[in-house]
Structure formats: structure tokens, C-alpha cells
1. Taking the condition farther than 30 Å from F322 by Cα, open to solvent by less than 20 Å² (accessible area, probe 1.4 Å) and either of a type in the set (K, R) or out of contact with any Lys or Arg (no Cβ under 9 Å at 6 or more places or on another chain) (or both), does A76 pass?
2. So which strands (runs of 3 or more DSSP E) stay within the stretch 134-178 end to end and still have 2 or more residues that are out of contact with any helix residue (DSSP H, G or I) (no Cβ under 6 Å at 6 or more places or on another chain) and surrounded by 15 or more Cβ atoms within 10 Å (Cβ to Cβ)?
3. Out of (1) under 30 Å from V4 (Cβ atoms); (2) modelled with pLDDT under 85; (3) crowded, with 16+ Cβ neighbours inside 10 Å, what's the single condition that is false for A69?
4. Let me confirm something: among L255, L273, which residue is touching a residue at least 60 places away in the same chain (Cβ under 8 Å), closer than 30 Å to I125 by Cα and either of a type in the set (A, V, I, L, M, F, W, C) or surrounded by fewer than 17 Cβ atoms within 10 Å (Cβ to Cβ) (or both)?
5. List pairs: first in the stretch 107-133 and under 11 Å from S269 (Cβ atoms) and open to solvent by 20 Å² or more (accessible area, probe 1.4 Å), second of a type in the set (S, T, Y) and in a helix (DSSP H, G or I), Cβ under 7 Å, 6+ apart or cross-chain?
6. Could you list all residues from the stretch 265-298 that are modelled with pLDDT under 80, touching a helix residue (DSSP H, G or I) at 6+ places or on another chain (Cβ under 7 Å) and either among the hydroxyl-bearing types (S, T, Y) or part of a loop (DSSP other than H, G, I, E, B) (or both)?
7. Does at least one position in the stretch 299-308 carry a residue that is open to solvent by less than 10 Å² (accessible area, probe 1.4 Å) and at pLDDT below 80?
Amino acid sequence: MKIVDRYVLGLFFSTFLICFSSFAGLFVVVHLFSNLDELSALAQKEGWSQIMTDFYLPRVAEIFDKTIAILILASAIFSVNLLNRRREFTALESSGITKSRMLRPIFVFAILLIGVSILNRELLIPVYKSQLVRTAQTWGDHGNVDMRVQEDLKAGVIVRGDELILDDKKIASPDFQLTLSEDNILKASSEWAILEPESPNHPPGFRLCQVTQPIGFAEMDSILSDSGHPRLMTPKDNPSWLGKRQLFIVCDFELEQMAYGTKLADYLSTPELVREVQKPRKWFGRDHELIVHCRMVRPLLDFCLLCLGLPMVIGTIRNNVFVSFGICFWIVAIFQFSQMACGFLGSSGMLTPAALAAWLPLIVFAPLAFVVMGKLKR
């Protein structure tokens, strides 16, 4: 690595750290004082250090994910502006070094930062999804959450209940509705329902405890699907692991998704989101199919924004830095608005398939960025 590369890279890296630290720190301070009463009550139980780590550390990772493209562009503009103010930009050009050669470390390090953002989005954020879906007001409610009606279309199961107890994987006072045919619907109620994963005895589903309905269920035979897979398992056929007042209903639910629904979609990894979209559920629809494609195209769009924005402002920096940042603002605004507009058209079904809505901004802006990048070679 040449001396000039190390110098430009160090300038860009330090500028990026300052920009990110300032933005993240501002968010933490504003959010902290906006929710001081709730967080103070939590801190009395867990301590401030624990609250700051558990509550804000995942949110800093989320901020990094959402602002990485803008921070890279802003840091690059700040770095080039500093080079120009110190007359170093002119000195390097007079020695025969082209703009593209001078800015090569910035583009290389931007690619590394985009790679880090991918790892952050796919590996780190999904680990903290249960913290990110909760607010300061609901932070202490991780044990008990009000329950909404849930439906598993594949299993033909609809479940209602008073509340979800996440820590124990339970539903309080559940009511299950199992559709056997168009004219045959079985209803089951109990005091508790415990979510159990797949085991040698049964597929994934809920074990109903202290069953009150249907009457005489202990003498019922288990109900199988047309393909022979169990749908309802009774103690008559499974006395070894089902009690006399227990039933087992086969369905495929995850308790956190039942509690938070579509809020989890933004914090799932791409493979997890693909699996959930493929399941016949009502809470993941066309807009979440769009999210999958947006995850794939986003790294390219992030780099495209840098390639489009930096060359367009670099020619105006010598005249007025405020004009440069004004141009940068409008570039980012148009870029983000285009993505939002395509996302709206894709999620509403006006633009199909969903992949086209996600890739359309790249199809439009990538050729423009390629043309604009040609200015750096002059």
C-alpha cells in the first residue's frame, strides 16, 4: 500500500468513525431522555450498565445497518473536502495522480464496510431480534404479551388466547379451531397450551393441558390427514406421553412471531425470512417477499450511491462545500425516494414480480453511476 493510500484511508476511516459515533451517540442521548422514566424504573431492577448494554447495543447495530450507505458517502465527501482545504488535492493532481487513483482507498474501504454491514444484518441483528421488537415501555413485558388471533393455513389451525407467556412457551386459556373439512370444524379449549418442538413422538405443535373441550376427548381416536400425518393426537392412542386431560394439536408456530408478528421481519436473517415467506401464513405477504429481494440488491445499491454521489460533488468542492453537501442531500433524497416508490409499487402489486420492484432502482442508477464515475479519470 502506498503512502498516499494509507493517508487517504486513515482520513476516511477516522471521518467515518466520527460521523457514526456522533449519529449513534445523538440517537442514544435523545432516546434516553425521551424514555427516562421507563428506563429509570428498569435500571432499578437490572442496573444502568445492563440496560445500556441490552437495550442500546442492539439498536446501535440497527443504526449502523440503516445508515451505512449515507455515512459512507458523507465521510467520503468530508475526507475529500479536507484534502482540498489543505491544498493536498491539488498537489496530488499536479504530480500526475488521477482523481480515481487518489480515491481508490475510499472505494475499497467502502466495499469492506458494506461487507461488515452484511455480516451485521445477517448474523448480529437476528440474535437480538427479541430486544429490537420491544420498546422501552414494553421492555419488562417479555414474559407476558397480549395475544392476537393466529392462523396456520397449512395445518388448518386457528388459535386464540388471553396472553402469551414467552418465557415458558405457553398460551393462557387457548381456544383452538381445527378445520377438518368444509363442514367439519373441531374446537378445543384448555387452561394452558405449551408449544413443543418436533420429537420422536410427535411433529411440532401445542400440548393442551387441562382440556375442557371437546367433551369425551379422552375416548376419541387421533385424527390423521389424507396422507397419514397426524393432525390431532389424543391420550387414547398416545398414553405413553399424553395425560388423560391433554391433547396435542399439530401446527407450526413460533412464539415470538405469534407475539410480535411482522415486526420481526426486519430483524430476521435472509435465510430465515425466505423460510417464513414460503410458509402459508397471513402475516408474511408480498411486502416481505420484496424485503428478501431488497436484501440481495442492497449492497450493490449502497456502493452505487457512493459511485453516483462522490464524483458529482467532487467538482464543486473547490467552489463551495455547502453546495457540494446540498447536491449530496438531493442525490440521497432522490435515491431513497426511488427505492421507497418502487417498494410501494411492489408491495401493492402494481409492479410485478416483486424482484423487479427491488432491482429497478439498481437498473436505473447503476448506468448513471458508471457514466458519472468516468469524470474521475479526467
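The values are calculated or read from the model by the stated rules, or taken from the named source; none is laboratory data. In this text the structure is predicted, and so the values were computed from the model without any measurement. No Cβ is skipped: glycine too gets one built from the backbone with ideal geometry, and neighbour counts run over all protein chains shown. Keep in mind that these areas ignore ligands, DNA and RNA; they rest on the heavy atoms of the full protein, side chains included. Shrake-Rupley method; radii C 1.70, N 1.55, O 1.52, S 1.80 Å.
1. Details: farther than 30 Å from F322 by Cα: no; open to solvent by less than 20 Å² (accessible area, probe 1.4 Å): yes; either of a type in the set (K, R) or out of contact with any Lys or Arg (no Cβ under 9 Å at 6 or more places or on another chain) (or both): yes.
Answer is no for this residue.
2. Details: elements: 144-146, 150-152, 157-160, 163-165, 170-172.
By residue number, 150-152, 157-160, 163-165, 170-172.
3. It fails just one condition, (2).
4. Numbers: L273 fails: touching a residue at least 60 places away in the same chain (Cβ under 8 Å).
Exactly one residue qualifies, and that residue is L255.
5. Hits for this filter: E122/T270; K129/Y267.
6. W283, F284
7. The answer is no; no qualifying residue exists.
Condition check ((1) open to solvent by 50 Å² or more (accessible area, probe 1.4 Å); (2) free of Cβ contacts under 8 Å to residues at least 40 places away in the same chain; (3) not hydroxyl-bearing (S, T, Y)) across all residues:
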position: H202; (1), (2), (3): no, no, yes
position: Q210; (1), (2), (3): yes, yes, yes
position: D221; (1), (2), (3): yes, yes, yes
position: T234; (1), (2), (3): no, yes, no
position: W241; (1), (2), (3): no, no, yes
